[in-house]
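Below is one structure, written out as structure tokens; the observations come after it.
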Amino acid sequence: MRCVVLSIAMLVLFQLSCKGEEPMTIPADFPTFSVPGQETQMLGLREMFWLHNSRNGPGATLWDQWMVSPGMWPALDSTGYSENSHASWKRVLSNRNIDKDGYVSVHQHASIAHPAGWPFPFWNQCKGSVGWHFSFKDTVGPPWRLDHLSKPDDWRLSGAEDLGIDEYGWNVKLTNPNATVTAPAKTINMLNAPFLQLRWRAEGLGDAQPYIEWTTSDQPRFSEQRRFYFDPVQGETIVHDPIPVYKHPEWKGDLTRFRIGFRNATPDAKVTIQALFVQYDTRHDINGQCFIRGCTNCFEWTRDINFLRRNINRMRTAMHFTMSEFDTLNRKYIYNTWVGHDGRSGLKYDEEGNKHILWGHGVGDNYWDLVPFGAKDFYATLLYYESLQCLARMERAVRDNPQWNVPVSESAFDPDMLLKHAAEVKAVANKLFWNPKTGRFIPSIDMDGKIHDYGMTFINTEAIYYDLATPEHAKAILSWLDGDRIVKGDTSTGADIYHWRFAPRSTTKRNIEHYLWSWTAPESIPWGGQVQDGGAVLGFSYHDLMARLTIHGPDNAAQRLTEIMKWFAEVQAAGGYRAYYDGSREGSLQGGGTAGGLGLDREFIESVLVPQVMIDGFMGFKPYSDGFSINPRLPRDWPELKIDRIRFHESVLAIRVTNKEVEITNDVRSDIPTIIRLPKGNWNALASGSGVEKLADGSFKADWRSCKSVKLVRD
């Protein structure tokens with residue numbers, strides 16, 4: 001894989017959201033939530049939605065699974081928000097970097113880690129690691145890189161001449177064919193060096209065939225048996241080249257020295273080496289799944305056929321990579337064998353209680369970047385299950401609409417095969433990753449066959465949300481979260497699971513053992529003082545609410561929402577999150593480079609998810625390529641729910657629902673008909689005009705050229 005320019009979308013968003021500005025006045029045409037008798041709470045929800053949606057936008061790939069929908073549906077035209085949001089998402093998704101194998105880049109902010117991976121850990125976070133930076137030109141600043149430069153002292157040149165260091169790096173002229181550049185001798189275990197990253201440029205290499213060659217403590221001489229080729233470059237741009245030397249069967253043991261051989265046929269080429277260093281595999285095993293879901297959400301909300309044509313083969317490529325790289329068709333779950341992603345902890349305690357650092361172990365795979373999730377990865381499997389269903393819908397839509405002229409491809413999937421496989425994944429996951437002793441899902445099973453169960457609430461509520469959990473498992477999960485069932489050994493039980501009020505704790509059992517090795521002192525932070533150890537993230541309260549709605553019903557979900565909004569009202573009255581958690585009360589905020597226990601603002605852009613429960617949950621609105629479904633689930637004291645300014649396909653809708661009525665008004669005379677799917681029952685249509693047709697399957701087809709509103713009533 002090669003990445004010439006790192007994506008800075010997430011870094012820009014992060015910088016903008018760290019300024020701490022108060023939200024501007026809510027525009028009049030921003031969507032409203034209306035429930036008679038719940039006016040104050042609905043105003044608070046709208047305020048929360050605007051607070052976070054005003055800064056919503058594409059970030060790193062892992063957010064594609066969550067952030068597309070809240071950015072798609074608000075029909076905010078007065079500020080250009082809708083147009084800009086749609087254009088941004090389509091542009092970013094269409095330009096996600098997908099390498100030749102099908103891996104989708106993380107696209108997080110720049111660092112000196114893997115250019116297509118997470119920004120840490122990087123090479124100098126390991127004791128005795130190996131690397132040189134001869135220039136920081138166009139390189140991100142500290143702390144995401146070193147604060148000092150190297151010199152090419154003790155390097156050996158053969159068939160080459162040292163031209164010195166300039167602002168771009170160390171310049172070397174190749175004066176003879178088959179020139180080599182040999183690094184000084186240094187020793188490192190190859191577990192800490194699955195990649196070598198070469199940041200370089202070249203002129204005049206022509207048909208050269210560059211390679212990396214190395215020696216080990218057991219094999220002290222260079223040999224073709226320990227050689228790995230990579231592509232030459234040409235031009236003035238510094239290329240960041242992560243060379244996957246871990247793929248070579250002889251890349252094992254202790255590395256003692258390496259050299260670059262150019263295999264240049266002619267002299268007079270010039271090479272600039274900006275940096276050369278060993279590198280951890282910081283890729284994520286969820287990116288393909290998140291990308292597929294993000295593209296599916298984007299198309300189903302917009303019905304932009306051009307977007308689909310640009311991305312359907314990219315979605316297929318990402319799925320093929322996920323299936324082959326993680327052996328999913330055979331295993332029915334994600335099995336991650338990347339170096340450092342074995343699920344083992346980077347910390348180990350001996351019998352006397354002494355802590356040892358296991359360099360290279362515990363590399364993160366997802367949003368929860370300090371906690372190991374491999375090798376048998378439940379969280380990645382959960383997202384894989386959802387992505388299979390998303391791609392199945394897209395493949396079926398393509399098959400049923402030949403007029404879209406979507407390119408025919410051998411990489412296309414049979415939608416029925418995808419759904420059948422999804423059912424197999426669900427069955428296996430509910431057996432393999434279910435812990436009967438604690439009555440909840442575990443994040444992973446490591447290479448030693450050990451489970452690490454710290455009561456991760458987020459994977460459990462998402463398992464219910466994505467309908468991966470069986471009904472029995474879903475009920476067991478909520479009985480644990482509700483405090484009806486006490487899990488022996490947990491640090492937090494009963495009502496304390498919702499200690500932070502706005503969301504359940506991320507974990508319910510204290511964890512000082514199972515982390516990335518560079519998180520060396522988890523015991524130094526008190527329980528609840530770290531997001532990934534007893535803290536909480538506002539955004540994932542959405543999955544908790546949706547799970548409650550599904551299993552316990554709307555009254556239970558509404559009660560939880562009321563508690564969240566009481567907390568939010570107090571926060572706003574105090575002047576916002578930072579003013580509320582100013583040290584005068586319990587709770588420390590994470591964000592802007594500061595570790596803390598509560599994820600609310602700044603880089604926690606997923607906070608925008610919570611108000612989504614109104615449209616996704618209580619209204620039960622779900623977009624499709626040909627229309628939408630509505631499944632109202634209203635609490636007993638909500639006589640009706642109305643949401644306006646819903647941009648769907650080319651329409652702008654206002655929808656009012658009760659448990660027996662659905663009324664839809666469209667402000668746009670769209671020529672795209674809409675299929676409206678409703679819950680079971682005998683529904684009849686009352687329309688202003690003749691543009692509503694009841695179909696054989698009980699759904700309705702609305703032709704917006706003939707009608708502006710539709711009222712559907714269940715007997």
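What aspartates and glutamates could a cross-link reach from Lys488, if we take a straight Cα to Cα line under 14 Å and drop same-chain neighbours fewer than 8 places away?
Output for Lys488: Asp453.
Please list 3J(HN,Hα) in residue order for region 147-160, calculated via the Karplus relation 6.51 cos²θ - 1.76 cosθ + 1.60 where θ = phi - 60°; whole Hz, with x for glycine and proline.
10, 9, 9, 9, 10, x, 5, 6, 7, 10, 10, 10, x, 8
Could you state the angle between the C-alpha long axis of helix 39-53 and the longest principal axis of the C-alpha atoms of the chain, as a value from 0 to 90 degrees rounded to the nearest 10?
Here the helix axis deviates by roughly 20 degrees.
Give me the count of lysine pairs in region 127-279 whose alpha carbons sit under 26 angstrom apart, restricted to pairs 8 or more positions apart or on different chains.
16
Could you grab the Rg to Rh ratio for the chain? Cα atoms only, Kirkwood for Rh.
On the Cα set of the chain, Rg over Rh gives 0.99.
Using the alpha-carbon centroid of each, what span in Å lies between region 311-336 and region 392-408?
Here the answer is 20 Å between Cα centres.
For a protection proxy built on the mean count of beta-carbon atoms within 10 angstrom, sort 517-530, 108-121 highest first, please. Please report the intermediate quantities before stating the final value.
On the way: 517-530: 17.4, 108-121: 24.4.
With the highest mean Cβ count within 10 Å placed first, the list reads 108-121, 517-530.
Could you tell me the convex hull volume per residue, in Å³, taken over the Cα atoms of region 543-588? Each step should come with its number before you reach the end.
Values: hull volume 3.7 nm³, N = 46.
Convex hull of Cα atoms, per residue: 80 Å³.
Which whole-number percent is the relative contact order of region 127-279 (Cα, under 8 Å, 6+ apart)?
Values: 373 pairs, mean separation 54.3, N = 153.
Relative contact order, region 127-279: 36 percent.
Taking the Cα centre of each part, how many Å lie between region 192-212 and region 565-626?
One Cα centre to the other: 45 Å.
With runs of 4+ DSSP H residues as the only contributors, calculate the mean residue ellipticity of the chain at 222 nm using -39,500 (n - 2.57) per run, divided by the residue total and rounded to the nearest 500. Can you show the working numbers first?
Working: 14 runs with 185 residues, N = 715.
For the chain, the value works out to -8000 deg cm²/dmol.
To test your reading of the geometry: what angle, between 0 and 90 degrees and rounded to tens, separates the Cα axis of helix 415-432 from the longest principal axis of the chain?
80
Using r as the Cβ-Cβ distance of Asn189 and Asp162, and R0 as 45 Å, what FRET efficiency do you calculate, to the nearest 0.05? Can you show the working numbers first?
Details: r = 31 Å, r/R0 = 0.68.
Using R0 = 45 Å, I get an efficiency of 0.90.
On alpha-carbon atoms, Rg over Rh for region 528-622 using Kirkwood Rh? Show your work: numbers first, answer last.
On the way: Rg = 14.1 Å, Rh = 14.1 Å.
Reported Rg/Rh, Kirkwood definition of Rh: 1.00.
Just to confirm the number: angle between the C-alpha axis of helix 471-481 and the first principal axis of the chain, 0 to 90 degrees, nearest 10?
80
Taking the C-alpha atoms of region 619-715, how large are the radius of gyration and the largest Cα-Cα span, Dmax, in Å?
In Å, with Rg to one decimal and Dmax whole: 12.4, 38.
What is the ratio of the Cα radius of gyration of region 129-238 to 2.2 N^0.38 Å, where N is its residue count, to two decimals?
Values: Rg = 14.8 Å, N = 110, 2.2 N^0.38 = 13.1 Å.
So the Cα radius of gyration is 1.13 times the expected 2.2 N^0.38 Å.
Could you derive backbone 3J(HN,Hα) for region 456-462 from the dihedral phi with the Karplus parameters 6.51, -1.76 and 1.60 (θ = phi - 60°), listing whole Hz in sequence and x where the residue is Gly or Pro?
Per residue, the Karplus-derived 3J(HN,Hα) values read 6, 5, 5, 5, 6, 5, 5 Hz.
Taking amide H positions as placed 1.01 Å from N in the peptide plane, with prolines and chain starts having none, which residues 5 or more places from Ile334, or on another chain, fall under 5 Å of its amide H?
The list, which skips near neighbours in sequence, is Asp377, Thr381.
From the phi angles alone, apply the Karplus equation (6.51, -1.76, 1.60; θ = phi - 60°) to region 441-452 and give each ³J(HN,Hα) in whole Hz, x where the residue is Gly or Pro.
Those phi angles translate into 7, 9, x, 6, 10, 7, 5, 8, x, 8, 9, 10 Hz.
Charges on Cβ only, +1 for Lys and Arg, -1 for Asp and Glu, centred on the Cα centroid of region 251-342; of His320, Ile305, Ile286, which one is farthest towards the dipole's positive end?
Ile305
I need the peptides 157-167, 187-197, 378-388, 84-94 ranked by packing, meaning the mean over residues of other C-beta atoms within 10 angstrom, with the highest value on top.
Details: 157-167: 14.1, 187-197: 21.4, 378-388: 26.6, 84-94: 17.5.
Descending mean neighbour count gives 378-388, 187-197, 84-94, 157-167.
Would you mind checking Lys420/Lys642; Lys355/Lys475; Lys100/Lys332; Lys376/Lys566; Lys420/Lys660 for any pair whose Cα atoms are more than 28 angstrom apart? Don't jump to the answer; show the numbers that get you there.
Working: Lys420/Lys642 37 Å; Lys355/Lys475 38 Å; Lys100/Lys332 24 Å; Lys376/Lys566 40 Å; Lys420/Lys660 34 Å.
The answer is Lys420/Lys642; Lys355/Lys475; Lys376/Lys566; Lys420/Lys660.
Could you give the distance between the Cα centres of region 277-295 and region 484-541, to the whole Å?
Value for the Cα centre distance between the two parts: 25 Å.
For the charge dipole of the chain, defined by +1 on Lys and Arg C-beta atoms and -1 on Asp and Glu C-beta atoms about the Cα centroid, which residue among Phe277, Ile243, Asn684 has the Cα displaced farthest towards the positive pole?
Value: Asn684.
Using Cβ contacts closer than 10 Å as the measure, can you line up Ser223, Ser625 from fewest to most? Intermediate results must be reported in sequence, preceding the final value.
Numbers: Ser223 11, Ser625 22.
Listing Ser223, Ser625 from fewest to most nearby Cβ atoms yields Ser223, Ser625.
Measure off 7 Å from each Cα along the Cα-to-Cβ vector at His499 and Ala574, then give the distance between these two points in nanometres to one decimal.
So the two model labels end up 1.6 nm from each other.
No lab work stands behind these numbers, since they all come straight from the coordinates. A quick note: this is a predicted structure, and the numbers were derived from the prediction, not measured. Cβ: placed from backbone, ideal geometry, glycine included. Neighbour counts: every protein chain shown.
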